[in-house]
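What follows is one structure encoded as structure tokens, with my remarks underneath.
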């Protein structure tokens, strides 16, 4: 690999282009070697290397799987996932999605739209995101196959807390690899009522393991003991604040609309 004098590097792997702008220090150089990639998706590399924070990155194309508009219509949050037709990974959809956060200018994209995105790698409450980001429409570039939810084997595999008997929050074994991915759970039991406000828990009453379902995008009125035929949403990393040292990991499911919750 040739190191240019301005220490700017461009890698192209599969369907994503990764652009990193770094300084010339050795601490920066050791996070950009091609050998660090464990599959064809730079998203996984970004998630595994927190020292990449602050570097610029360009991703595309990707499907919009969820969005939220806040701050009186001025701030946009997107969840972007690699198209099935372009993924190139045997373990897809693991490590295939990323959160986008930036200013809203004009009309936002819709769920199912194909876009390209760029921004700066950042961490917010445990989640990797593109901050100060921009998006551009990329119609026709995502292929012909739409995103379908990944069906999790159980609440335990994606749990907010898989072992409530311990002091720290312990996520399910698949939670980290499915961060920001569209996930579906079948036959989920509601553990607590929420009165139509805030989060509620679904999970295994016997073991106490649970997944928190938040009203970040869509607010649902939960009734304790009810069984949902299915529930779909974005698996979001949203750690407690202020965090202890080291911080615990906590995940939540974000349904996007009433149609994501089937009773």
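Throughout, read-outs are computed from the coordinates displayed, never taken from laboratory work. Here the structure is a predicted model, which means the values were calculated and not measured. Every residue, glycine among them, receives a Cβ derived from its backbone with ideal geometry; neighbour counts consider all protein chains shown.
Data overview
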quantity	calculated
Added length on full extension, which subtracts the Cα-Cα distance from 0.36 nm per residue, residue 132 to residue 177	13.8 nm
Where Rh is the Kirkwood radius over Cα pairs, Rg/Rh for the range 124-263	0.99
Listed peptides 256-263, 199-206 by packing density, highest first (mean Cβ within 10 Å)	199-206, 256-263
Nitroxide proxy distance, nm - points 7 Å out along Cα→Cβ at residue 168 and residue 70	2.6 nm
Among 59-66, 238-245, the order from most to least packed when residues are scored by Cβ within 10 Å on average	59-66, 238-245
Inter-label distance, nm, simple model (7 Å from Cα along the C-beta direction), residue 229/residue 141	3.8 nm
Evaluated over the range 59-131, the Cα radius of gyration and Dmax, each in Å	12.5, 41
FRET efficiency estimate (nearest 0.05) - Cβ-Cβ, residue 262 to residue 105, R0 51 angstrom	0.90
